[in-house]
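Please read the structure below before turning to the comments.
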Amino acid sequence: MIIQATSGCTYNKCKFCSLYQGECFHMTPLAVFEEDLAEIKSVQPHARRVFLTGANPFAMSYENLKLYALTVRDYLIKCQIIAMFASIRDIKNKSVEQLRKLRAMGVGGLSIGMESGDDETLAFVNKGCTAADIVEQLAKLDEAGIEYYLVYMTGLAGRGNGVRNAVRTADMLNQISPYFVENPFFLSIDSLTLFPDTELYEMRRGEFIPAGEKERLQELIILLQNLRLRTRIQADTVSNFRPITGAFPKDKEKMIAELRHIIDTVSEEEMAAYRGSLKSLGIDKIETAL
Ligand code: SF4
């Protein structure tokens, strides 16, 4: 069941993102949250999984998260997991002890928009954290037993920088999960879509030259070749030209072969046309890499 816990993003400064422009962050008033829970309870009293929406509900303080998590449990007694979006910055102000307590209240399944593990790329797109921050904060989640999923975005480093981004991100990812082998539960792969109302779009003819489609697939191959995690790879969002998924490292060679096959058999123009047709992302024409 999906329920709105917050609105807007506490950060709103990533150069590639316009999702919450002009929207101030605020928490859903508890009374409204309870009304929604009562409605959910009336149709699905045995809901086991709840997803809190908003760009980053995990930005709430420990005390507020505790209040909202316990309120979920007041209404949905079978609920096992209260999942939500989170950023690396949102973990910083919570101790491992607090994270453990949140886990005991059912908080888990954090979906984290990491985007990159390369300091140059993170700084360039103003992500607000470094690779060292990512390693440090994810280790806290591991220690607390909180499951999480990570997002990596191909093309984010711009033309000619994908190999560097992939190698450094793999190096960073290889340092995580010393305690909790299930993490990251999966690594989701998106391919950068350049939205017209973003800072990155404005930079597209100067400081930021978008990477080509084949270059992005090559970047993903490099990431897979350098990765030493046990996880799932989910390159299956609409921003990927063709869905590629698999258990890693079991399906590593198969996935790399599929990516090579696309590079060898599909033209750059066809892939760029696909990206230009992504109306489901809410835009009519997207600036492609050609
Ligand atoms: S990418 Fe996430 S953290 Fe960055 S501005 Fe957008 S919603 Fe906020």
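A Förster radius of 51 Å, combined with the Cβ-Cβ distance separating Asp36 from Asn226, puts the computed FRET efficiency at roughly 0.70.
Using a Gaussian network model of the chain whose springs link C-alpha atoms within less than 10 Å, name the residue from Val163, Val266, Val50 with the highest mean-square fluctuation. Taking springs between Cα atoms under 10 Å, the residue moving most is Val266. Largest GNM mean-square fluctuation among Ile189, Ile77, Ile88, using the chain with Cα springs under 10 Å: Ile77.
Cysteines of the chain lacking any other cysteine Cβ under 4.7 Å from their own Cβ: Cys9, Cys24, Cys79, Cys129. Atom-type composition of the exposed protein surface of region 40-128 places 51 percent of the accessible area on carbon and sulfur (1.4 angstrom probe).
If exposed trypsin sites (Lys or Arg not before Pro) are those in a DSSP loop with at most 15 other Cβ within 10 Å, what is the longest stretch of the chain that has none?
The longest such stretch corresponds to 79-158.
Accessible area per residue for the chain is 45 Å², calculated with a 1.4 Å probe on protein heavy atoms, without ligands, DNA or RNA. For the chain, set up a Gaussian network in which alpha carbons nearer than 10 Å are linked by springs, and say which option among Ala166, Ala247, Ala69 fluctuates the most. With Cα springs under 10 Å in the chain, the top fluctuation among Ala166, Ala247, Ala69 is at Ala247.
In plain terms, the chain from Cys24 to Ala132 could stretch by 36.0 nm, reckoned as 0.36 nm per residue minus the Cα-Cα distance. Normalised by the number of residues in region 1-125, the average gap of Cα pairs under 8 Å and 6 or more apart makes the relative contact order 26 percent. Candidates Gly109, Ala55, Asn126 compared by Cα position along the dipole of region 43-146: farthest toward the positive end lies Gly109, with charges placed on Cβ. Of the GluC sites (Glu not before Pro) found in region 178-272, those that fall in a DSSP loop while having at most 13 other beta-carbon atoms within 10 Å are Glu182, Glu207.
Fully extending the segment from Ala123 to Ile209 would add 29.3 nm, taking 0.36 nm per residue of separation and subtracting the current Cα-Cα distance.
The values are calculated or read from the model by the stated rules, or taken from the named source; none is laboratory data. Quantities reported herein were computed from a predicted structural model and do not represent experimental measurements. Every residue, glycine among them, receives a Cβ derived from its backbone with ideal geometry; neighbour counts consider all protein chains shown. Ligands, DNA and RNA are stripped out before the accessible areas are found, and what is left, the full protein with its side chains, is counted by its heavy atoms. Shrake-Rupley method; radii C 1.70, N 1.55, O 1.52, S 1.80 Å.
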